[in-house]
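All remarks here apply to the structure that follows.
Every read-out reported here was derived from the displayed coordinates using simple, explicitly stated rules and does not represent laboratory data. Predicted model, so just to flag it, every value in this text is computed and none were measured. Methodologically, a virtual Cβ is constructed for each residue, glycine included, from the backbone with ideal geometry; neighbour enumeration extends over all protein chains shown.
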2 protein chains.
Amino acid sequence: MKIDDNINFNAFFYPKTIAMIGATPSPGKWGFIIMMNIIKGGYTGRLFPVNPGYREIFGLPCFPSVNNIEEEVDLAIIAVPAANMIPAIDDCIKKSISSAVVITSGFSETGAEGTMLEKEMVEKASRGGLRIIGPNTMGLFSAQVSLTALMPPVTPLKGKVSMISQSGNVGTQILGWGREMGVGFDKFVSSGNEGDIKCEDYLRYLGSDSQTEVIVLYLESLEEGKTFLDIARDIVKEKPIIVFKGGKTDSGMAAAASHTGAMAGSINIYQSAFRQTGLIEVSSTEEIIDTAGAFLSYPIPMGNRIGILTRGGGWGVITADACEASGLQVPKLPEEVIKKIDEILPQYWSRGNPVDMVAVITSEPYLKCLEILMSCDVIDGIISLGGALGESFGKSISDPNVLSIMGLSQEDVTRFRAELAAESSMINKTTKELMEKYKKPIVNVSIGGGKRTIEEHKFITYPTPERAVRVMKYLVEYGDYLRQRNLYEKRRFR
Amino acid sequence: MKIDDNINFNAFFYPKTIAMIGATPSPGKWGFIIMMNIIKGGYTGRLFPVNPGYREIFGLPCFPSVNNIEEEVDLAIIAVPAANMIPAIDDCIKKSISSAVVITSGFSETGAEGTMLEKEMVEKASRGGLRIIGPNTMGLFSAQVSLTALMPPVTPLKGKVSMISQSGNVGTQILGWGREMGVGFDKFVSSGNEGDIKCEDYLRYLGSDSQTEVIVLYLESLEEGKTFLDIARDIVKEKPIIVFKGGKTDSGMAAAASHTGAMAGSINIYQSAFRQTGLIEVSSTEEIIDTAGAFLSYPIPMGNRIGILTRGGGWGVITADACEASGLQVPKLPEEVIKKIDEILPQYWSRGNPVDMVAVITSEPYLKCLEILMSCDVIDGIISLGGALGESFGKSISDPNVLSIMGLSQEDVTRFRAELAAESSMINKTTKELMEKYKKPIVNVSIGGGKRTIEEHKFITYPTPERAVRVMKYLVEYGDYLRQRNLYEKRRFR
């Protein structure tokens, strides 16, 4: 894939030096908050505050202009008012800066006058060799240099997902949810008004970026739909692209038009184009992180036949319902599989799929059932409810009331919790090994279990079976797409 | 509503004395765990462990049989093995106990032999004047006497929701989710195999129970559908009934049959009967608590026309999409409303619905916009994203790194956080007052905001706009049903 050579993405995502134009020590201003977030994030390069009114900010020497900085400046982050933007751009050009993030709002999103100002700014910058993210952007994040140049006080977890967001509020919140679910990011950009660099440019870059394994898009509108789809089609051979589309209905499109100034196209056209191109279109904001985490965690299944393993009958019913409603099959188990499980579970077990472990709570039969299902020819993937049984019990038993009732010592509890943790860790390890051995996903649900991160457990775990079923559906859809294009074997065993 | 006089529900939910038959000091056994949960829950009555093998358990005197207890016993909780059940039942009858919770499994859910045993047990009990919850139940909870006779280590929050669950695993987990979302319970019963007392009996009781404002059901199958609907029809005039149906698909029904032994009926018949009867059927487990919390928090709207107030454009787009996709309207605002908001927001605000506050982050304009929308004739309810803006900033600013970067003292931060908390509390108070004044719901979304409970804030707050839209839809549907039956005015202004 050819990258637009005129955009120096390295300067945006791997800058060694940053000038923060409009830095200020006044709390509440963006020039304060962004600088605070950069410092707090532990940026590995050097940061130069620029503001003629100060000689020092947060203990760093402050420069009247970028042209007073002696070192080369890789990236300018600009947060001065819109009225002062043209001089700031002039300064950057004079300093031969290639790349600027324009945080400032008050451009095309505010009407005709702002549109003219944006055009003037971008044209001037282009002529001077300066490329712009924004304006009206909430900034960017890059894990490799610990750069958190963002407006909200979010510290993203580092990982293998990268995101382009046409809404700063939505995008930065997704970063926050990622942290909660243990899904980390490598690069993030709030694309703002896309006055210069467009969604398509970022997508092309992330497609070729070796740090990025999964791409996430919050999309409202596309200027060049065909270019976008051509780029996407190339990328999905190698990495999944997850899209959430804002502006699906008349009400949503009207809202989108008023907020970015761009017109969102008809959703039917978008949706069928997404599907044909192999993009994973998710239908709620919650699914964005759920699905990104699934693609980081699980092998792509060979088909839609799901085995369900549960420790509670009701949850098995709910999971089976959710599968069938989503177009996933819950196949009958072959007689020899039932016979094998007969040897493990009490004779009154469900003898069907879902496999209800009927209150058998130890690990060994659980793992045996898991492997029997994994090795079964009619099963393409498993949804497992119950791997993390001990966690809530372990938490409960540490309650001081419980300690005194049971007459347990703190030592007993510490030992007991350590045993539970070791067991949980062993289950996770075996689960991961089974997935590698059989190349099938075991999508995990931990109802009421503790929070579990991909770092600790090597795969994401969902709090409800419905959320697990939704991501399984997306994994299956991606597999279907790859198989239709004869790309499945290559992608799956990479 | 007439209650079956043969069931002493007071003995189940307000017992002064409980015999725990099968109590044991062996960790891991149900007779241990349930007793621990009762003690830990702070039960206000007296508890008598019964087990011939011990003289004392957890410091309480232990009795060889219930008949060795001198005091009257209101309730027996039985956790002995199925094989020892008949003698235990005989003992209870001899002691003239009216009410027993049979935790023990191994009855009709395991096949023909278990079904016979269950029948024998229930018939014997009935003849002896003993009524049974279960068998194969995970127990019950009653807030008024702090009785947590449950198998899992869950401590429900106390409140105004009561629940009947045909799955113990599902039901007790819902209690846990209620605690997380700040939705409290007054009564809960895991109905088990319903060998004696049926779902319909519990429903009739909760309908007449003055402590219960919202009823929640996890339902797999009904023995007497018509009776159930007749009872429900009467109740929904006064209080909403929220139903989640397990066994909606062939796969789910097959799973349900294997787990309770009962056959679930066709979902189409169920769903149209639910709708005609005014029950709120929710479609995912997450919605159970979301919806119960909504009915506790918000007035029932007069119609489906929704105003959206947001501090971030993208979230407004997503909310508008979700509304329209759910059949809620996002009406255009009348010219005079736009003029009023013109006086409050910067001139480039969205000038439409959603009302995008375009980065105005202070409370006063937010509350003014809220009241303008509330007083607007074309708006029946509001979804508000942004009431809790300061919370995550307040959390962030307490980060030790931030303190040192900003040169803030711990005192400064404490004062700042107190100011944010006071502002947040003022916003919540005003929100509540506006709902009372205009009798319209303001369903709150706090994206990334802190956890907020109904106790503290007097209303529930959702983490995503999609979840807020779903509950708004259910509020509207309940209002529609009440209006069709000419019950709306009465219910709404009670």
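Structure above, values below:
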{"read-out": "Neighbourhood net charge (13 Å Cβ-Cβ; Lys/Arg +1, Asp/Glu -1) for B:GLY22", "value": "0"}
{"read-out": "Principal semi-axes in Å for region A:21-170 [√(5λ), Cα gyration tensor, largest first]", "value": "22, 20, 15"}
{"read-out": "Amide hydrogen neighbours beyond the local backbone of B:ARG131, cut-off 5 Å, H modeled", "value": "B:SER99, B:ALA100"}
{"read-out": "HN-Hα J in Hz across region A:12-22 - Karplus 6.51, -1.76, 1.60, θ = phi - 60°, x for Gly and Pro", "value": "6, 9, 10, x, 8, 9, 10, 9, 9, 8, x"}
{"read-out": "Cubic angstrom per residue, convex hull over Cα atoms of region B:164-310", "value": "131 Å³"}
{"read-out": "Point-to-point label distance, A:GLU113-A:LYS332, nm (Cα→Cβ direction, 7 Å offset)", "value": "7.4 nm"}
{"read-out": "Cβ nearest the rotation axis (A onto B), residue from chain A and distance to the nearest whole Å", "value": "A:GLU286, 5"}
{"read-out": "Stokes-Einstein D for the protein assembly as shown, Kirkwood Rh over Cα pairs, 4 °C, 1.567 mPa s (µm²/s)", "value": "43 µm²/s"}
{"read-out": "Neighbour-count ranking [beta-carbon atoms within 10 angstrom, fewest first] of A:THR291, B:THR414, B:THR430", "value": "B:THR414, B:THR430, A:THR291"}
{"read-out": "In Hz, Karplus ³J(HN,Hα) per residue of region A:465-470 (6.51, -1.76, 1.60; θ = phi - 60°; x = Gly, Pro)", "value": "x, 4, 5, 5, 5, 4"}
{"read-out": "Share, in percent, of DSSP beta bridges within the protein assembly as shown that are antiparallel, nearest 5", "value": "15 percent"}
{"read-out": "Residues with amide H under 5 Å from that of A:MET138, placed H, sequence gap 5 or more", "value": "A:GLY168, A:SER190, A:GLY192"}
{"read-out": "Percent of Cα-Cα distances greater than 20 Å, calculated over region B:224-343", "value": "61 percent"}
{"read-out": "Inter-copy separations for A:ASP412, label at 7 Å along Cα-Cβ, nm, ascending", "value": "5.1"}
{"read-out": "Shortest-first nm distances, B:GLY28 label point to equivalent points in other copies (7 Å, Cα→Cβ)", "value": "6.2"}
{"read-out": "Acute angle (nearest 10 degrees) that the helix B:285-297 long axis makes with the longest principal axis of chain B, alpha-carbon atoms", "value": "70 degrees"}
{"read-out": "C-alpha long axis of helix A:410-438 to longest principal axis of chain A, angle in °", "value": "80 degrees"}
{"read-out": "Kirkwood Rh, angstrom, region B:9-294 [1 / mean 1/r, Cα pairs]", "value": "19.0 Å"}
{"read-out": "Length-normalised contact order for chain A - Cα pairs under 8 Å, 6+ apart - percent", "value": "11 percent"}
{"read-out": "Cut-off under 5 Å, modelled amide H: who pairs with B:GLU281 long-range", "value": "B:VAL243"}
{"read-out": "In order through region A:161-177: 3J(HN,Hα) via Karplus (6.51 cos²θ - 1.76 cosθ + 1.60), integer Hz, x for Gly, Pro", "value": "9, 10, 9, 10, 10, 7, 9, x, 4, 5, x, 5, 5, 4, 4, x, 5"}
{"read-out": "GluC sites (Glu not before Pro) within region A:259-358, DSSP loop, no more than 12 other Cβ atoms inside 10 Å", "value": "A:GLU343"}
{"read-out": "Nearest-0.05 FRET efficiency for B:SER409 and A:GLU70, computed from C-beta distance (R0 51 Å)", "value": "0.90"}
{"read-out": "Crossing angle, helix A:199-208 versus chain A [Cα axis fit, 0-90 degrees, rounded to tens]", "value": "60 degrees"}
{"read-out": "Using alpha carbons only: equivalent-ellipsoid semi-axes of chain A, gyration tensor based, whole Å", "value": "48, 27, 18"}
{"read-out": "Net dipole in debye of region A:9-294 [+1 Lys, Arg Cβ; -1 Asp, Glu Cβ; about Cα centre; nearest 20]", "value": "420 debye"}
{"read-out": "Listed residues B:ALA255, B:THR291, B:GLY42: farthest to the positive end of the dipole of region B:9-294 (Cβ charges)", "value": "B:GLY42"}
{"read-out": "Estimated dipole of region B:1-126 in Debye, rounded to 20 [Cβ of Lys and Arg +1, of Asp and Glu -1, Cα centre]", "value": "380 debye"}
{"read-out": "Calculated label separations, A:GLN484, copies of the chain, 7 Å along the beta-carbon direction, nm", "value": "3.9"}
